[in-house]
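The values are calculated or read from the model by the stated rules, or taken from the named source; none is laboratory data. If you're wondering where the values come from, they're calculated on a predicted model, not measured in any experiment. Here the Cβ is made from the backbone with ideal geometry for all residues, glycine too, and neighbour counts use every protein chain on show.
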């Protein structure tokens, strides 16, 4: 059942018959999937292209935005009195709690393991009795942060920095700096005890990894493809080009480039993927959507240029 005052639903969306959506304004991009028994009650909901809301998820929040290619798996709870913003390419495991009593912002490419909870409030003790534990604070998880495993708890007011890693079953009570790894209850900085979470690799090696990943997928799914020089041609989809020296002008070709210097190529509709900025020119063509889904969530994640 869908009950709205204003709605915009994109092409090829799937909304289960048992799902219930009640809101003043609903915007769903192309290819959005809303599973069985999902319950949504809000003022305004925006879910971008090719994102998923898993079965039995309960959303009760004034304002929710979800970026493209994000997956919120089954039995999630998103509730509160303020807004929850979730970026592109996020992976949120089953039975997670995302609390929006105050503003909750989750960046792009964030991974949140199953049964984790992210809080913007903590209160229960009676103020009339002088309870000192009462907190309502915005919480932020920045781009590419990763909550590993299960049962992580993020306290109100915490900021988890870009590319930070939280080890499973941790309780985060303070900010985590960019690129650091925390673990434990309460969590402490264990970055120096472990190897770095990320080690940069050359662009040529990145392209080889992308190519090998795509070929493996095509083989496993009995898709006919041909290789020629640095390119892949996939029957019924088009061509993928890894050659930096070929001008990106073919409309049926997807280009992986070290760096894109001119995004304003309005005269052509080729899909451009930039390995430096991790952005891409979005066309929503069949080949582009296929490649995005193959590479998500853990080989390569790109966000729209615009």
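For the structure I just gave you, tell me whether residue 76 is buried (at least 19 other Cβ atoms within 10 Å of the Cβ) and farther than 21 Å from residue 141 by Cβ.
Here the answer is no, as residue 76 does not meet what is asked.
Just name the residue that is surrounded by the fewest Cβ atoms within 10 Å (Cβ to Cβ) out of those in the range 29-47 that are out of contact with any helix residue (DSSP H, G or I) (no Cβ under 8 Å at 6 or more places or on another chain) and over 16 Å from residue 78 (Cβ atoms).
Looking at the filtered set, the residue picked out is 36.
Give the range 69-105 a look and list any residue that's in a strand (DSSP E or B), under 18 Å from residue 149 (Cα atoms) and within 11 Å of the chain's Cα centre (by Cα), or say none.
Result: 71, 72, 91, 92.
Anything in the range 188-224 that is touching a strand residue (DSSP E or B) at 6+ places or on another chain (Cβ under 6 Å) and at pLDDT below 95? List them, or say none.
194, 197
Yes or no, residue by residue, for (1) farther than 19 Å from residue 103 by Cα; (2) in the same structural domain as residue 89 (by TED's automatic domain parsing); (3) assigned to a strand (DSSP E or B):
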position: 140; (1), (2), (3): no, yes, yes
position: 149; (1), (2), (3): yes, yes, no
position: 156; (1), (2), (3): no, yes, no
position: 163; (1), (2), (3): yes, yes, no
position: 183; (1), (2), (3): yes, yes, yes
position: 209; (1), (2), (3): yes, no, no
position: 217; (1), (2), (3): yes, no, no
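Given the structure, is residue 288 surrounded by 14 or more Cβ atoms within 10 Å (Cβ to Cβ), assigned to a helix (DSSP H, G or I) and within 26 Å of the chain's Cα centre (by Cα)?
Criteria met by residue 288.
In the range 51-73, what residues are surrounded by fewer than 22 Cβ atoms within 10 Å (Cβ to Cβ) and in contact (Cβ under 8 Å) with a residue 40 or more places away in the chain?
Selection gives 54, 71, 73.
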